[in-house]
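Trainee: Structure in structure tokens, see below.
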Amino acid sequence: MTKGQAKDAGSTQVAAGKDRVVIFDTTLRDGEQCPGATMTLDEKLQVADVLDAMGVDIIEAGFPIASNGDFEAVSLIAERVKNATVAGLARAGNKDIDRCAEAVRKARRPRIHTFISTSPVHMKWKLQMEPAQVYEMVVASVSRARNHVEDVEWSCEDGTRTEHDFLCRCVEAAIKAGATTINIPDTVGYTAPEEYGALFKMVRERVPNSDKAVFSVHCHDDLGMAVANSLAGISGGARQVECTVNGIGERAGNAALEEVVMALRTRGDIFPYDTGIDASMLTRASKLVSAVTSFPVQYNKAIVGRNAFAHESGIHQDGMLKHTQTYEIMTPESVGVSKTSLVMGKHSGRNAFRDKLKQLGYALADNQLEDAFVRFKELADRKKHVYDEDIEALVDEKLATAEDRIKVLSLLVIAGTMGPQVATLTLDMDGEHRTVQATGNGPVDATFNAIHALVPHEAQLELYQVHAVTEGTDAQAEVSVHLGVDGKSFSGRAAHPDTMVASAKAYLAALNKLAARQDRVHAHSAEEVA
């Protein structure tokens, strides 16, 4: 059976005797409901393309009746997606369901996902309906959806706080009316793993026609247990996981797709299930969603966080250098990260420092290494992060001289409410004085634009920070700048009573380090050729 045939048949079985767990991604629907995470149509299409290429089984593209924009997005994604099922969300009303059906009609595999609340608190205060009325709407909504498409999913909103007898009645009715997937969501992130797993076992045992539908988990992270609950639901018999890239979503977010996928893959001994996801695309998907939503991924985020494969502790670094499995339970390449990062800091040991110097092209004698290591530790006590160029400066006196190749001679900045702001900058570039005038969106932007005009480069500004060295309005401004290029970061710092002058000097300090590094790389290449 091919992957496409498995999807068409709604199968939960794949080769190698593993149960198939279907991945239902709702980044474009539930994820976008996260305050501030709204995406443009073009950005939604980009995300949908990556999800489809990654092997996501179902892409919930939006809530078609919510707005014309949402309807257009779902329609275009439905028409565009090549492999995945495309789902739209609909409440239990006729207008919602009909609008959703229209939006997904061009999909190769269309799905209508309809829902209604079933918990006592939701029925009383949100719906203001009696259980009997809700039950009737379950039957009516699923039946109407099934008249449009063959693939219908029904969700009991706030399922984990629903009375068990009523939940089982509604699930049985939904399946009888034509639902092919039954989702029991933990809408408010209230449940716990053991409880959630037991809930699925109970429903599947008590509902006589439960074998005719795929059960699904949809967990929110209000108590930090969304992924754990999702895995427990799978152990309880669910075979679809509803999740989002980076775990974005309402309130504390949803179960993170990348964490669910890698938990199943890494711990196949206790979770003998397969997803069919190309895990090497997880980091790419994470970065794309982070970029289009402007939601940064926390550094210590599992799987895709900046520090997920980074090690600073000397003990850990020593173990990693001897064998990667001492401190990594998966390879960085398996999730799309190029390599492990041994972060140099005050906790790093000699072995890691020696290895870093080797990577940078240095081969030091034992006494030179010891001297450099002592100075590195002193620097690490003063600096929060020690970058490659900081280490290069410790062992290469010429680098310090190279940093002075470009200097600020004068800077005049005109700022205020009558923009645009203007910066007139004069630099000493290897003894030659050059002047330029540039505008920008603010004085800092104008100053940096002027530098870029005189020193063209491809580096991206990763960090710009300003701190007052002392108290008072006459305090010096200490500016830190990080420039990134080709996966490497170059830092510069400067202090001056004028913030703009400090900013210009810090930016140039980083550029000088970048230029010095490039010169050394070119020289090294020339020596190899010779």
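Trainee: Mind checking which of Gly55, Gly31, Thr85 is farthest towards the positive end of the chain's charge dipole, using Cβ charges of +1 (Lys, Arg) and -1 (Asp, Glu) about the Cα centre?
Mentor: Thr85
Trainee: Here's a follow-up. Of all chymotrypsin sites (Phe, Trp or Tyr not before Pro) in the stretch 223-314, which ones are in loop regions per DSSP and have a Cβ with at most 11 other Cβ atoms within 10 Å?
Mentor: Those satisfying the criteria are Tyr299.
Trainee: Something else: Please give, to one decimal in nm, the separation of the simple spin-label points placed at Leu461 and Glu163, each 7 Å out from Cα toward the Cβ.
Mentor: 6.1
Trainee: Specify which residue in the list Gly69, Gly492, Gln368 is farthest towards the positive end of the charge dipole of the chain, using unit charges on the beta carbon of Lys, Arg (+1) and Asp, Glu (-1), about the Cα centre.
Mentor: It is Gly69, whose Cα lies furthest towards the positive end.
Trainee: Please list 41-53, 224-236 highest first by mean number of surrounding beta-carbon atoms within 10 Å per residue.
Mentor: In decreasing order of mean packing, 41-53, 224-236 become 224-236, 41-53.
Trainee: Let me ask something else. To the nearest µm²/s, what D does Stokes-Einstein give for the stretch 23-293 at 37 °C and 0.692 mPa s, using the Kirkwood radius over alpha carbon pairs as Rh?
Mentor: For these conditions, the coefficient is 180 µm²/s.
Trainee: Using the Cα atoms of the chain to build a convex hull, what is its mean projected area in square nanometres?
Mentor: If I average the Cα hull's projected area over directions, I get 31.3 nm².
Trainee: Sort 21-31, 509-519 by packing, meaning the average of other beta carbons within 10 Å per residue, with the highest value first.
Mentor: 21-31, 509-519
Trainee: Can you compute the helix-only [θ] at 222 nm over the chain? Use -39500 (n - 2.57) per DSSP H run of at least 4 residues, normalise by all residues, nearest 500 deg cm²/dmol.
Mentor: That comes out to -13000 deg cm²/dmol.
Trainee: Can you compute the charge dipole magnitude of the chain about its Cα centre, using +1 on each Lys and Arg Cβ and -1 on each Asp and Glu Cβ, nothing else charged? Give it in debye, rounded to the nearest 20.
Mentor: Dipole size: approximately 1040 debye.
Trainee: Please get the size of the charge dipole for the stretch 84-169, origin at its Cα centre, with Cβ charges of +1 on Lys and Arg and -1 on Asp and Glu, quoted in debye to the nearest 20.
Mentor: 400
A short reminder: the numbers here are calculations on the coordinates, not readings from a lab. Since we're looking at a predicted model, the values are computed, not measured. In this analysis, Cβ positions are derived from the backbone assuming ideal geometry, glycine residues included, and neighbour counts consider all displayed protein chains.
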